[in-house]
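Working notes, beginning with the structure itself.
The values are calculated or read from the model by the stated rules, or taken from the named source; none is laboratory data. Note that the coordinates shown come from a computational prediction; the quantities given were computed from them, not determined experimentally. For neighbour counting, all protein chains shown are included, and Cβ atoms are generated from backbone atoms with ideal geometry for every residue, glycine included. The accessibility values were calculated without ligands, DNA or RNA, using every heavy atom of the protein model including side chains. Shrake-Rupley method; radii C 1.70, N 1.55, O 1.52, S 1.80 Å.
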Amino acid sequence: MTGADINQAGQGQGDRNRAGMIRVMIVDDSLIARTVLRKTIEQTTDLVFSAMANCAEDAIEKLSQVEVDVILLDLEMPGMGGLAALPEILARARGARVIVISSLTTAGAETTVAALSMGAADTILKPRPSEFTSDYRSELAARIRAIGSPPIETNRTCSVRSDTTHRKSDGRPKPARVIAIGASTGGIHSMCQMLGGLSKYVDQPILISQHLPDSFMPVFARQLEIASSRKARIAKNGMALTSGEILIAPGDGHLTVEMKDGEPVVRIARHKVPNGCCPSVDPMLESLAECFEGAVLGIILSGMGRDGVLGARCVVDAGGTILVQNRETSPVWGMPRAIAEAGLASAILSPEELAIRVVSSRVTGKWA
């Protein structure tokens with residue numbers, strides 16, 4: 001793509017941006033994929049094609065010439081490759097978000113989860129040319145909107161709870177005997193940042209529900225082990241909760257906990273939930289609030305939708321504490337925002353600040 005091509009792609013860009021258009025850059029070595037992706041963007045009324053690159057090196061160079069909001073990035077390309085180039089792409093993108101175009105192969109899962117932990121906001125399956133259906137194009141457009149749209153202003157107050165806010169328990173948060181983390185789009189990078197900031201003295205079991213395909217979960221577990229220096233396992237029925245270890249919801253079920261012989265154990269549930277997510281954060285928080293009688297610390301990170309609100313209310317009503325990621329650091333401030341607007345968050349912080357709060361605050365308590 002020449003300089004003239006870039007100028008032509010960006011004609012009228014200023015007017016479109018003022019009208020709320022989302023500028024998209026495509027980085028893929030496949031001519032067919034680039035053509036189909038560009039056509040999808042050009043046929044969507046609120047998206048505008050901004051630039052195209054056939055390799056990572058080309059993308060890095062062009063990011064100094066054009067402004068974009070979302071980058072569609074293939075990871076497997078000749079030369080530097082998308083994964084190796086991702087840090088430089090993010091550094092030059094001036095706040096643009098990256099959606100990884102990925103395969104669901106084992107190798108694809110490895111590179112995709114690595115990219116998500118490094119700062120890519122989302123991933124979508126890379127189909128064969130014959131699979132670029134209308135449903136796929138609609139999903140792609142929705143993903144681009146979710147991470148590329150500016151935050152929606154609201155008149156609703158995102159209030160922070162105080163320790164004296166009325167609760168159904170005794171009015172003060174209970175020391176947490178378990179930590180539960182929920183996240184979706186953009187949450188993996190935030191999760192790695194936060195877990196990396198927890199000291200070894202935070203010894204509660206950590207339960208995680210992350211919206212991610214089931215085939216990605218083993219790779220995700222390994223990434224969390226690296227980021228946190230803790231053992232991470234995919235949860236299975238009957239597992240005990242172990243001090244300082246991470247249990248991760250499988251991609252095809254909800255991670256819940258029930259009491260068995262006086263001890264909390266894992267139960268994977270597969271019922272449908274109102275928000276339609278699987279795994280869902282709500283059943284996890286609801287079960288923990290009941291089993292631990294509110295002695296729960298819930299943390300909600302970046303993600304679209306409202307998953308976690310119902311469970312967060314159960315935790316707070318039982319005497320527990322909910323913390324959420326702030327708007328400034330969230331690729332998608334949907335799940336945290338919903339909880340903040342409901343008045344259920346005791347703090348709204350960056351991932352690094354969340355780690356500090358967990359380490360230093362009285363909401364933590366000795367696992368027993």
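For the stretch 225-293, calculate the relative contact order in percent as a whole number, restricting contacts to Cα pairs under 8 Å that are 6 or more residues apart.
29 percent
Can you tell me the relative contact order of the chain? Whole percent, Cα pairs under 8 Å, sequence separation 6 or more. Walk me through the numbers before you get to the answer.
Values: 815 pairs, mean separation 55.5, N = 368.
With pairs under 8 Å counted, the relative contact order is 15 percent.
Percent of Cα-Cα pairs more than 17 Å apart in the stretch 265-362, please.
I get 50 percent for the Cα pairs in the stretch 265-362 exceeding 17 Å.
Between their Cα atoms, which of LYS174/LYS272; LYS200/LYS231; LYS236/LYS260; LYS126/LYS272 are more than 21 Å away from each other?
Pairs exceeding the cut-off: LYS174/LYS272; LYS126/LYS272.
Out of the DSSP beta bridges found with both residues in the stretch 239-349, what percent are antiparallel (nearest 5)?
Details: 8 of 16 bridges.
Of all bridge pairs located within the stretch 239-349, approximately 50 percent are antiparallel.
If you place +1 on the Cβ of every Lys and Arg, -1 on the Cβ of every Asp and Glu, and leave all else neutral, what size is the dipole of the chain about its Cα centre, to the nearest 20 Debye?
Working: 39 positive and 40 negative charges, 163 e Å.
Here the size comes out at about 780 debye.
Once neighbouring chains are kept in place and the probe is 1.4 Å, which whole percent of the accessible area of the chain is contributed by carbon and sulfur? Numbers along the way, then the final one.
On the way: 7920 of 15560 Å².
Answer for the chain: carbon and sulfur cover 51 percent of the accessible area.
Accessible area of GLU61, 1.4 Å probe, to the nearest 10 Å²?
110 Å²
Which one, [x] 29, 54, 12, 4, 0; [y] 31, 58, 10, 0; [z] 30, 53, 16, 0, gives P(r) over Cα pairs in 20 Å bins from 0, in percent as derived from the coordinates shown?
The listed entry that was calculated here is [z].
To the nearest 10 degrees, how steep is helix 217-228 against the longest Cα principal axis of the chain, on a 0 to 90 scale?
Between the helix axis and the principal axis of the chain, the angle is about 70 degrees.
What is the local net charge at ARG313, summed over the other residues whose Cβ is closer than 10 Å to its Cβ (Lys, Arg +1; Asp, Glu -1)?
Combined, the nearby Lys, Arg, Asp and Glu give -3.
Restricting the count to DSSP beta bridges whose residues both fall in the chain, what percent are antiparallel, rounded to a multiple of 5? Please report the intermediate quantities before stating the final value.
Numbers: 8 of 52 bridges.
Here the antiparallel bridges make up roughly 15 percent for the chain.
Find which of MET239, MET217, SER134 sits farthest along the positive direction of the dipole of the chain, computed with +1 on the beta-carbon of Lys and Arg, -1 on that of Asp and Glu, about the Cα centre.
MET239
Helix 187-196: angle to the longest alpha-carbon principal axis of the chain, degrees 0 to 90, nearest 10?
Compared with the principal axis, the helix lies near 50 degrees.
Which order do the peptides 338-347, 263-272 come out in when sorted by mean C-beta neighbours inside 10 angstrom, highest first?
Working: 338-347: 21.8, 263-272: 15.1.
Top of the packing list down: 338-347, 263-272.
Find out how many positive minus negative residues lie around ARG97, taking Lys and Arg as positive, Asp and Glu as negative, among other residues whose Cβ is under 9 Å from that of ARG97.
Surrounding charge for ARG97 is -2.
Given a 1.4 angstrom probe, what's the average accessible area per residue across the chain, in square angstrom?
42 Å²
For the chain, take the longest principal axis of its alpha carbons; what is the angle in degrees between that and the long axis of helix 281-291, to the nearest 10 within 0 to 90?
10 degrees
At 1.4 Å probe size, what's the solvent-accessible area of ARG38? Round to the nearest 10 Å².
About 80 Å², rounded to the nearest 10.
Which shape class applies to the stretch 181-320: rounded if a/c is under 1.5, otherwise prolate when a/b exceeds b/c and oblate if not, where a ≥ b ≥ c are the square roots of the Cα gyration tensor eigenvalues?
rounded
With θ taken as phi - 60° and the coefficients 6.51, -1.76 and 1.60, list the Karplus ³J(HN,Hα) couplings across the stretch 313-330 in order, rounded to whole Hz; mark glycine and proline as x.
Result, ordered by residue: 5, 4, 4, 5, 4, 7, x, x, 10, 10, 10, 9, 6, 7, 5, 4, 9, 8 Hz.
Considering amide H positions built from the backbone, and no H for Pro or chain starts, which residues 5 or more places from VAL257, or on another chain, come under 5 Å of its amide H?
ARG267, SER287, LEU288
Taking amide hydrogens as modeled 1.01 Å from N in the peptide plane, which residues meet the under 5 Å criterion relative to ALA53, leaving out close sequence neighbours?
Amide H neighbours of ALA53: ILE26, VAL27, ASP28.
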